[in-house]
1. HN-Hα J couplings of the stretch 72-83 from phi, Karplus 6.51/-1.76/1.60, θ = phi - 60°, integer Hz, Gly and Pro as x?
2. Charges at C-beta only: +1 for Lys and Arg, -1 for Asp and Glu. How large is the resulting dipole of the stretch 91-138 about its Cα centre, in Debye rounded to 20?
3. For Ser53, enumerate residues with amide H under 5 Å from its amide H, sequence gap 5+ or separate chain, H modeled in the peptide plane.
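Here, each number is a calculation from the coordinates, and none is a lab measurement. The shown structure was predicted, so the numbers you read here are calculated from the model rather than taken from an experiment. Cβ placement follows ideal geometry from the backbone for every residue including glycine, while neighbour counts extend to all protein chains displayed.
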Amino acid sequence: MPGAAGPIGPRSHMPGGGGAAAPPSLAPCVPPSAGLSAGSGRDRTMSTLKVYSTSVTGSREIKSQQSEVTRILDGKNIKYELVDISQDNALREEMRAKAGNPKAIPPQIVNGDQYCGDYELFVEAVEQNTLQEFLKLA
């Protein structure tokens with residue numbers, strides 16, 4: 001319909017964003033040798049870094065926070081799995097259980113079975129240059 005408010009679909013017009021069309025297991029694809037800092041060990045595939053997010057929200061704040069987390073992780077070549085809680089209520093409950101908060105909202109970050117934190121703690125770790133420790137990668 002002409003004059004409709006903006007495009008609706010799986011593509012994102014944000015830099016670095018492929019929108020919901022990219023499967024979470026492919027975001028981001030990093031060669032094994034990329035993104036390893038000195039002292040980070042060889043291959044840390046035993047635990048998987050997960051970013052719980054939602055593709056269905058009316059909150060600009062949540063959308064902005066999710067975008068900033070993924071942009072920073074992508075920029076630092078840190079591999080993660082994007083888990084869209086809007087696809088299944090069980091994923092929402094899993095996120096809240098791992099966060100230890102029945103009202104937790106995305107983005108929430110978990111490494112394996114270890115809860116890392118929410119957006120505010122993530123930003124604090126970036127500002128203090130302690131992101132590797134926050135993500136339980138160091």
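1. Along the stretch 72-83, the couplings run 5, 4, 4, x, 9, 6, 9, 6, 7, 10, 8, 10 Hz.
2. Working: 5 positive and 8 negative charges, 43 e Å.
Value, rounded to 20: 200 debye.
3. Val83, Asp84, Ile85
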